[in-house]
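Here's the structure, in structure tokens; my notes come after.
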């Protein structure tokens, strides 16, 4: 009897030992499989990262060669005097010479006025296209992009042929005995008018896209509670399209700060916009150092506007509407 019990205990201990060993082996196998999967996923992620880096490297190389290196060279050149020494001579001249200061003020005035009128007309056109269902709005919606497909210099010469004192407007009114001279050539007004031709379609596209995302139910609800058109624009449309408008403002500003074709063909001899001034310093006077200082100043202006745009885009959007 005692011997039988001892044998039973021995078998029980043997079974427990075998089961314990099996559990340990199973756990080790599971850990091994888990580690293998982790290692496989890690290798896969590393390979994918290197593939991604390899795909991006050509773009980075192009950016470095085409953009970064010329910027660095321009910055270094802007601090060199004509005798090769490093100084602030070019920047002192840029901000102290009356002609240069007038060019800066002239440029900023034209650009700011262009931005303001562009956004105003873009909002008016975008809202008309969004809320009007007439045949005329449909026609405008198909035709307002035409200026974007006309080469810049062709559009400028066409505008000159219209607004010139002896242009199409003058000749048309002479038929009715009216001798009218627009007086827009070689003036800031003429440059602004041409800038509006180029920029209003672009800004309208951006604002129209934002307006199309506003549900009709919101506008109808505001009308039901008695909100006027001005209140609807101020309290609903403007906040919901502000970021898109900021995108338009940024790109219109940056594209006009360094514009050349329009101010060169339609601008006055003095003052001149910075793009024309840069061309004269580089091409006519061959003053590379002063031209570099002007280009760096223009780059800083655009960078400030771009930084403000990025900061505004990173802020949390408080208007999150789902229809």
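Since every read-out is calculated from the coordinates, none of them should be taken as a lab result. Every value quoted in this text rests on a predicted model; they were computed, and no experiment measured them. Backbone-built Cβ (ideal geometry, glycine too); neighbour counts: all protein chains shown.
A few notes on this one:
- Computed extension length for residue 264-residue 233: 7.3 nm, one decimal, from 0.36 nm per residue of separation with the Cα-Cα distance subtracted.
- Degrees between helix 188-212 axis and first principal axis of the chain (Cα, 0 to 90, nearest 10): 30 degrees
- Fewest-first ranking of 246, 265, using other Cβ atoms within 10 Å as the exposure measure: 246, 265
- R0 of 25 Å, Cβ-Cβ distance residue 165-residue 302: FRET efficiency to nearest 0.05: 0.10
- Exposure proxy ranking, count of Cβ atoms within 10 Å, fewest first, for 193, 288: 288, 193
- Paramagnetic reach from residue 108 in segment 280-300 [backbone N under 20 Å; point 7 Å along Cα→Cβ]: 291-300
- Efficiency of FRET between residue 285 and residue 49 - r from beta-carbon atoms, R0 45 angstrom, step 0.05: 0.35
- In terms of its C-alpha gyration tensor, segment 150-208 has a prolate overall shape, because the principal axis ratio a/c (a ≥ b ≥ c, square roots of the eigenvalues) is not below 1.5 and a/b outweighs b/c.
- Cα gyration tensor shape for segment 95-173, rounded if a/c is under 1.5, else prolate or oblate: oblate
- Length-normalised contact order for the chain - Cα pairs under 8 Å, 6+ apart - percent: 23 percent
- Of the residues 101, 75, 56, the one that moves most in a GNM of the chain with alpha-carbon contacts below 10 Å is 56.
- The packing ranking of peptides 298-309, 110-121, 247-258, highest mean first, is 247-258, 110-121, 298-309, where packing means the average number of other beta carbon atoms within 10 angstrom of each residue.
- Note on segment 227-268 and segment 77-123: Cα centroid distance 21 Å, given to the nearest whole angstrom.
- Full-stretch length increase - residue 134, residue 186 - with 0.36 nm per residue and alpha-carbon distance subtracted: 14.8 nm
- Counting beta carbons within 10 Å around each of 123, 157 and listing the fewest first gives the order 157, 123.
- Efficiency of FRET from Cβ geometry, residue 82 and residue 38, R₀ 56 Å, rounded to 0.05: 0.30
- Read-out log10 I(q)/I(0) by the Debye sum over Cα atoms at q = 0.07, 0.08, 0.09, 0.13 Å⁻¹, derived from the coordinates shown; its label in (i) -0.29, -0.37, -0.47, -0.98; (ii) -0.51, -0.61, -0.72, -1.14; (iii) -0.36, -0.46, -0.57, -1.05: (ii)
- Shape category assigned to segment 64-134 from the gyration tensor of Cα positions, a/c cut at 1.5: oblate
- Nearest-ten-degree value, helix 152-163 long axis tilted from longest Cα axis of the chain: 30 degrees
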